[in-house]
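Working notes, structure below.
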Amino acid sequence: MLVVGFFVVALVAVGLTRSDRDYTDLSIHNPDANGVMALAEVARERGVALRQISELQAANIGDPMGTTLVIASGADLFDLQAQSILAYPGPIVVLGDSAALQAELSDSFATVMSGATTLTAACTSRAAAAAGSVSTDGRAYVGAPEDASTCFESEGSAAYVAVHREGQGDVTFFASPESLTNGSVLDEGNAALGLHLIGGHDKAVWYLGSFTDGSFLTWSRAGDYSPPDVDPSADFLPPGTGNAFYALALALVFVAVWRARRFGALVREPLPVVIRASEATRGRARLYRAAGATGRAAASLRAAAAVRMGRRLGVGRSSDSEVLVNAIVRATGRHRDVVASLLYGPAPQNESQMMTLIDQIDALESEVHRS
Amino acid sequence: MYITGWTALLAALGAVPAFLLADRGVAWLWVLCVLALALLDALLAPPTRSLGVRREVPSSVRLTESTASTVTVANLSGRRARGAVRDAWAPSAGAGPNRHRFALSSGEMTRFVTPLTPRRRGLREGSAVTLRIEGPLRLAGRQKSLPVDTVLRVLPEFASRKHLPARLARLRELDGLSPVMMRGAGTEFDSLREYVIGDDVRTIDWRATGRRADVVVRTYRPERDRRVFIVLDTGRLSASRVGGAPRIEASMEACLLLSALASRAGDRVQVTAFDRVERARAQGPSDAALMPVLASALAPVEPVLAETDWSALVRLASERLSQRALVVLLTTLDESLMDSGALQAIATLQRHHQVVVASVSDPEEDAMIAGRGSVEEVYTAAAAARAGLERDAVAARIRQGGAEVVEALPDDLAPRLADIYLALKASGRL
């Protein structure tokens, strides 16, 4: 029951915390200044079916000629991925710097920082003409392919490069994706340019990947075989592996129930008291120590030693101290005053005096017992 | 209801179709099917009430000896029943393997034996007997715990009985039954017999000698039919541990040895376990009858965390004892006896009876007194010495009234007490 309850709580928690908002740069679900939700929402209102993917293999485009592929994060692409993107027959829009894609088109095609931040359109491109002027973050392209048309130029670089492909959709580069974010989309003609770039067709796919994505673009023409949706995380294991582990995890609940069910209740054991008889004595010793009761401690040890020696020498407990001292003097040959001061002398003032006294009494006692 | 490992295994097999079909729904479907199968299996299992269960144990066992609990399972239903039974005991009952599997056809009956080696004296209650009956698929079954009232009485070990033969031999010497140079001591006239060399000439009965041609001596023997009243103090001080066990265990050993010895010597022994009220009582005219009764009565006695009510004890003794007796107090010699009324109680008892106070001393205390390793150890030695002096003072106060005091380590108390008893008997002080 507990296990089932835990699962329910976990599911509810995941359900509550999950929403379609995120906070990634250039995400169409990001309403913050670094997102592009504003542009995406306007495009949606204009009838463009826009969806965002984080892995190329999830694109799965069934209608390439009517679908715009937007590469919003091209910087992390591998060469082979770039080739798979350029093999796409529909229109392609590349935002920002993408070394792999640029290198496929021309060796000299590169991204630079130009000083200009507000550029004016001076070309015939429909998108650029509609925008009129744009604000950028200063990035621009140089060395565009020979047959490409450029726009928003300044000092030999261009922020907009369109490569025309015969029988296929154009490949359009725009150097400054920051211009399209929620924070700057209202500047100059940024909004118009953005809408023209992604709204060229009824459908658009917004690729926002990361370096962890190693997959290739998937698309098919109408009538082609379309592979089924597969779990994208298990790309190096057979497709059923994840589900098999899922089934094993479910079986774990059975194992828990099997092991947790007791074969009858635990049996109570009435235990005896475990206090040691010497506990009280040790407590008293700690009290002596805490109080520094050297006098009292020494008196106890002296009295006990006197009783033991008296027993050895045949002096009764009730006898006078004189009798005992005399008996000890006879037995050991020590001076009478020494014996008397050891057993009945002044109380020690500190611990070191006490230790010395005890040592001397022990020595005396051993002499008595030897005699 | 319970499920078996087979159910878990079957559920785990769901990974195969989930792998092949690559679908989570399959995994869920499989698990639900397994669950349904298990429920069905549990439903199909014979009901637990169709089995009869009985547990039998011997009524008592001596500590350190082994016994066994026998569980009988009978299939009263018309169907075959397969499953297991657990014969649960508290840990100190020292139960061996206590889970037994069975497969019984209709009307069949089987017995299982669980070995028991109790580790502590007292009443060891058997816990419930739990039954599991498997369903036909072995995936799940029914489980039920049946409260079966069983009590095993674990008697005191009576390890001190090894001292008994020596004490009995000494007793026979006192009786004059053994051939020894010294004639039997005692004050009670026994018989006349012929003089043998070595007899004390003072015991020659001249009148009898005059009537016969031989010299005749009187023989005496120790008094018989004396009363011995043993009080086992179960107050708070009897709970503290000395060596490995509570004080009361050593006191109990001494009590058992003295009872065995005194009843063999022909005295009438009464035993009471007392703190504020009487916890156990045993009395018997003869040894053969007394010892089992006594062991059985003392078995469940446990220390009580209360101060012993000494005046109530005096009242109890005066109720039980109509004539002079030997009163043995198995208690703890402690400074607290000074102001708990114990000394007055002992003095009162001593007026009419002979009192012996027996106490278990702590072997740890000797080590503590000898400690000189550090300041702390010296303080401990001082505290132990002080406790010893205080105990000596209490013992001296008790002896002043004529009572005997015996203080001994746990293992020595029983023989020492028996020796004191023999000495008192020999000197005719009973």
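Within 10 Å of each residue's Cβ, count the other Cβ atoms and sort A:TYR88, B:TYR421, A:TYR160 from fewest upward. Could you put the intermediate results ahead of the total?
Numbers: A:TYR88 22, B:TYR421 25, A:TYR160 29.
Starting with the residue having the fewest Cβ neighbours, the order is A:TYR88, B:TYR421, A:TYR160.
Which of A:MET113, B:MET109 has the fewest other C-beta atoms within 10 Å, and how do the rest follow up to the most?
Values: A:MET113 10, B:MET109 13.
Fewest-to-most ranking of A:MET113, B:MET109: A:MET113, B:MET109.
Would you mind getting me the FRET efficiency between A:ALA249 and B:LEU76? Use the beta-carbon distance for r and R0 = 30 Å, nearest 0.05.
Working: r = 43 Å, r/R0 = 1.42.
Efficiency, rounded to the nearest 0.05: 0.10.
Pairing rule first: another cysteine's C-beta must sit under 4.7 Å. Under that rule, which cysteines of the protein assembly as shown stay single?
Singleton cysteines: B:CYS33, B:CYS255.
Output the relative contact order of chain B, whole-number percent, from Cα pairs under 8 angstrom with separation of 6+ residues. Working shown, then result.
Details: 886 pairs, mean separation 54.2, N = 430.
Normalised by residue count, the contact order of chain B is 13 percent.
Hey, what did segment A:280-365 get for relative contact order, percent, Cα under 8 Å, at least 6 apart? Please report the intermediate quantities before stating the final value.
On the way: 58 pairs, mean separation 32.0, N = 86.
Normalised by residue count, the contact order of segment A:280-365 is 37 percent.
Quick one: putting +1 on the C-beta of Lys and Arg, -1 on the C-beta of Asp and Glu, what dipole do you get for the protein assembly as shown around its Cα centre, in Debye to the nearest 20? Show your work: numbers first, answer last.
Details: 86 positive and 87 negative charges, 1589 e Å.
The dipole magnitude comes to about 7620 debye.
Counting each DSSP H run of 4 or more residues in chain B as -39500 (n - 2.57), what helix-only mean residue ellipticity at 222 nm follows after dividing by all residues, to the nearest 500 deg cm²/dmol?
Values: 12 runs with 154 residues, N = 430.
About -11500 deg cm²/dmol.
Kindly provide the helix-only [θ] at 222 nm of chain A, computed as the sum of -39,500 (n - 2.57) over DSSP H runs of four or more divided by all residues, to the nearest 500 deg cm²/dmol?
Details: 12 runs with 149 residues, N = 371.
For chain A, the value works out to -12500 deg cm²/dmol.
Ranking A:ILE92, A:ILE361 by Cβ neighbours within 10 Å, fewest first, what do you get? Before the final figure, lay out the partial values.
Working: A:ILE92 23, A:ILE361 20.
In increasing order of surrounding Cβ atoms, one gets A:ILE361, A:ILE92.
With both bridge residues required to lie in chain B, what share of the DSSP beta bridges run antiparallel, to the nearest 5%?
Antiparallel: roughly 65 percent of the beta bridges in chain B.
Suppose a student asked you for the relative contact order of segment A:19-223, using Cα pairs under 8 Å spaced at least 6 residues apart; what percent would you report? Write down the numbers at each step before the final one.
On the way: 499 pairs, mean separation 67.5, N = 205.
Normalised by residue count, the contact order of segment A:19-223 is 33 percent.
Whole-Hz Karplus ³J(HN,Hα) for segment A:286-297, in order, using 6.51 cos²θ - 1.76 cosθ + 1.60 and θ = phi - 60°, x for Gly and Pro?
3J(HN,Hα) across segment A:286-297, in whole Hz: 5, 5, 4, 4, 4, 8, x, 7, 5, x, 5, 5.
Give the average, rounded to an integer, of partner chain Cβ atoms located within 10 angstrom of each Cβ in B:365-378. Walk me through the intermediate numbers first.
Numbers: counts 3, 0, 1, 4, 6, 1, 1, 5, 0, 1, 7, 5, 1, 12.
Mean partner-chain Cβ count within 10 Å for B:365-378: 3.
Could you state the angle between the C-alpha long axis of helix A:321-332 and the longest principal axis of the C-alpha atoms of chain A, as a value from 0 to 90 degrees rounded to the nearest 10?
Once rounded, the angle reads 90 degrees.
Restricting the count to DSSP beta bridges whose residues both fall in chain A, what percent are antiparallel, rounded to a multiple of 5?
Numbers: 17 of 35 bridges.
Looking only at bridges with both residues in chain A, the antiparallel portion is about 50 percent.
On a C-alpha basis, how far is the centre of segment A:69-120 from the centre of segment B:117-147 in Å? Whole number, if you could?
When both Cα centres are located, 75 Å separates them.
Compute the angle between helix A:351-370 and the longest alpha-carbon principal axis of chain A, please, reported from 0 to 90 degrees and rounded to the nearest 10.
The angle comes out at about 50 degrees.
Which of A:THR356, A:THR67, A:THR111 ends up with the largest GNM mean-square fluctuation for chain A, with Cα atoms connected below 10 Å?
A:THR356
Based on the Cβ-Cβ distance from A:ASP202 to A:ARG262, what FRET efficiency comes out when R0 is 60 Å, to the nearest 0.05?
Numbers: r = 64 Å, r/R0 = 1.07.
For A:ASP202 and A:ARG262, the calculated efficiency is 0.40.
Obtain the nm distance between the two label points defined at A:THR356 and B:SER60 by a simple spin-label model: each point lies 7 Å from its Cα along the Cα-to-C-beta direction.
Inter-label distance under the simple model: 6.4 nm.
Compute the long axis of helix B:413-426 from its Cα atoms, compare it with the longest principal axis of the Cα atoms of chain B, and write down the angle in degrees, 0 to 90, nearest 10.
Helix B:413-426 sits at roughly 30 degrees to that axis.
Separation between the B:LEU40 and B:ILE204 pseudo-spin-labels, each 7 Å from Cα along Cα→Cβ, expressed in nm?
Reported label-point gap for B:LEU40 and B:ILE204 is 11.0 nm.
List, in order, the whole-Hz ³J(HN,Hα) value for each residue of segment B:344-349 obtained from phi through the Karplus relation with A = 6.51, B = -1.76, C = 1.60 and θ = phi - 60°; use x for Gly and Pro.
Along segment B:344-349, the couplings run 4, 4, 5, 4, 4, 5 Hz.
Roughly what % antiparallel, to the nearest 5, for the DSSP beta bridges in the protein assembly as shown?
Numbers: 72 of 118 bridges.
DSSP beta bridges in the protein assembly as shown are roughly 60 percent antiparallel.
Roughly what would the spin-label model give for B:LEU192 and A:VAL274, points 7 Å off Cα along C-beta, in nm?
Taking the simple label geometry, B:LEU192 and A:VAL274 are separated by 7.0 nm.
All of the numbers you see were taken from the coordinates with simple rules; none came from a lab. Because the structure is predicted, anything quoted here is derived from the model rather than measured. Note that each Cβ is placed from the backbone with ideal geometry, even for glycine, and that neighbours are counted across all protein chains shown.
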